[in-house]
């Protein structure tokens, strides 16, 4: 050890950690790694052995095969969701509105999906004004009628089919927002379009 050792400031509880070599008057403390880290490192090595054998030697599924299997499950779930969207139950809708924070979800769904075409206050922009009594694609202003338009869209008028994007609850939220616009006065209402519905 160097004579500079006398100049070093070493704490009492660190004296046993001081290494016995000296580089240009610099000495190091040997702080061992935490035991939990060492055990995790050892466990990862032990785990890697059967992992390697299964996926590289025993014919375990590749990433592409695992993805394909997961996509089959996802498509099955989508099919179930699509079947669920095919039916509208007014009692279920009313119960959902009563038992959920429908206004908050409606505001979020509207802002993220509908505002760009119908304006923040429903007065219309690219899409029609939803506050007046004139409608392009329905013959009655009811949740059932609005549900079908939101779910299936109207390709001729540029309305996308939101049933492919939104959940049933999100479509309910959009309906809630459209129903809330009835009788309101938007800042810049678009001229009436379609047939008048009382």
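Rule-based calculations on the coordinates, nothing more; no lab input. Here the structure is a predicted model, which is why all the values come from computation and not from measurement. Cβ coordinates were reconstructed from backbone atoms using ideal geometry, including for glycine residues, and neighbour counts include every protein chain displayed.
In degrees, nearest 10, range 0 to 90: what is the angle between the Cα axis of helix 143-152 and the longest Cα principal axis of the chain? With both axes taken from Cα atoms, the answer is about 60 degrees.
According to the Kirkwood relation over distinct C-alpha pairs, the hydrodynamic radius of the chain is 23.1 Å. Put simply, the Cα atoms of the range 85-196 extend 35, 27, 24 Å along their principal axes, the longest span coming first.
Taking all Cα pairs closer than 8 Å and separated by 6 or more residues, the relative contact order of the chain comes to 19 percent. With the highest mean first, a sort of the peptides 66-74, 122-130, 100-108 on other beta-carbon atoms found within 10 angstrom per residue produces 122-130, 100-108, 66-74. Largest first and in whole Å, the equivalent-ellipsoid semi-axes of the range 131-198 read 20, 14, 12, each the square root of five times a Cα gyration tensor eigenvalue.
Counted by neighbouring Cβ atoms within 10 Å, the residues 44, 167 run from fewest to most as 44, 167.
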